[in-house]
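Let me begin by presenting the structure, written as structure tokens, before commenting on it.
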Amino acid sequence: MRLSPLAAAAGLVLVCGVLAGCSTTVNLEPADGANDPACAQVSVRLPGSVAEQPRRWTDAQATGAWGEPSAVLLRCGVTPPGPTEAKCITIAGVDWIVDESQAPRYLVTTYGRVPAVEVFIDNETVSPNDVLGDLGGAVAAGTLAESECTLTETLVPEG
């Protein structure tokens, strides 16, 4: 299975915490649509902490990272997903598609919002429900909801 650029970067970031000499700046690849003005609206609203993890500097536009090592990585401006049969959950008024293929690490992507936002979450460190709840306000305020999931669950399963 091919990892998204965010998931690939996350693997490097998660390892970086145990290596000497790593920068405190998290290296991420910006999404193709990172220059969308709506991503700027999301970025300025990102919280200083997520699931009790402090925010860290990133080196890419429209991105966010929390925790040391990073347990949560965010990119705004990814391609909005089309119709899918994947699990869709609703937290804090935002619909998210959940990719559980790398559990206990989850890649979640907004559904029905333009531009789309993806979040990589290390469930061994933080609760996905807490993360998505903490990020929901920034995502909802910065992106436009164009559609919604037809069937949703309210929570990502814990651990």
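The values are calculated or read from the model by the stated rules, or taken from the named source; none is laboratory data. Note that the structure is a prediction, hence the values are computed from the model and not measured. A quick note on method: Cβ atoms are made from the backbone with ideal geometry, for glycine too, and the neighbour counts reach across all protein chains shown. We work out accessible area using only protein heavy atoms, side chains counted, and drop any ligands, DNA or RNA first. Shrake-Rupley method; radii C 1.70, N 1.55, O 1.52, S 1.80 Å.
Accessible surface comparison of 121, 97, probe 1.4 Å, protein chains only, largest first: the order is 97, 121.
The residues of the range 48-159 expose on average 44 square angstrom of accessible surface per residue, using a 1.4 Å probe on protein heavy atoms. Ordered by solvent-accessible area of protein heavy atoms (1.4 Å probe), largest first, the residues 110, 84, 24 come out as 24, 84, 110.
Phi angles of the range 47-52 translate, via the Karplus equation with coefficients 6.51, -1.76, 1.60 and θ = phi - 60°, into HN-Hα couplings of x, x, 9, 9, 6, 6 Hz per residue; Gly and Pro are given as x.
Among 106, 111, the order of accessible area from largest down is 111, 106, computed with a 1.4 Å probe on protein heavy atoms. Backbone geometry of the range 34-42 corresponds, through the Karplus equation with coefficients 6.51, -1.76 and 1.60 at θ = phi - 60°, to 3J(HN,Hα) couplings of 4, 8, 4, x, 5, 5, 5, 5, 5 Hz, x marking Gly and Pro.
Between rounded, prolate and oblate, where does the range 29-144 land on the alpha carbon gyration tensor, with a ≥ b ≥ c its root eigenvalues, rounded for a/c under 1.5, else prolate if a/b exceeds b/c? It is rounded, given that a/c, with a ≥ b ≥ c, falls under 1.5. Charge dipole of the range 57-159 (Cα centre as origin; +1 on each Lys and Arg Cβ, -1 on each Asp and Glu Cβ, all else neutral): 240 debye, rounded to the nearest 20. When the alpha-carbon atoms of the range 72-117 are used, the pair Rg, Dmax equals 10.3, 27 angstrom.
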